[in-house]
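In what follows, a structure is listed as structure tokens, so that the remarks can point back to it.
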Amino acid sequence: MTSSLKFLALSIPTIILALLLGRMIAIEIYAAKFPRSPLIEQLRANPLRVLSVNWL
């Protein structure tokens, strides 16, 4: 039981970090392909917006 709790305590933050890093890498690839995109312009104005998630 305790080993599974340790696994969950370490795996959940790791998964969240991996998803955020993947999102940042995808934005950088998109920015290289479309540098004047409105999305990229908004992200340059507010870089922390990359970390936000629009659920709707």
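The values are calculated or read from the model by the stated rules, or taken from the named source; none is laboratory data. Source: prediction; values computed, not measured. Cβ atoms come from the backbone with ideal geometry, glycine included; neighbour counts cover every protein chain shown. SASA here: full protein model, heavy atoms, side chains in, ligands and nucleic acids out. Shrake-Rupley method; radii C 1.70, N 1.55, O 1.52, S 1.80 Å.
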**Study point:** Count - residues of region 11-56 that are more than 17 Å from the chain's Cα centre (by Cα) and surrounded by 10 or more Cβ atoms within 10 Å (Cβ to Cβ)
**Key:** 4
Practice item. Sort through 36, 44 and tell me the only one that's of a type in the set (Lys, Arg) and part of a helix (DSSP H, G or I). Key: 44
Practice item. Please identify the pairs in which a residue from region 36-56 that is closer than 15 Å to residue 26 by Cα has its Cβ atom under 8 Å from the Cβ atom of a residue that is surrounded by 11 or more Cβ atoms within 10 Å (Cβ to Cβ) and among the hydroxyl-bearing types (Ser, Thr, Tyr), counting only partners at least 6 apart or on another chain. Key: 37/30; 39/30; 40/30
Practice item. Can you give me the number of residues within region 1-10 that are open to solvent by 70 Å² or more (accessible area, probe 1.4 Å) and either outside any helix (DSSP H, G or I) or of a type in the set (Gly, Ala, Ser) (or both)? Key: 2
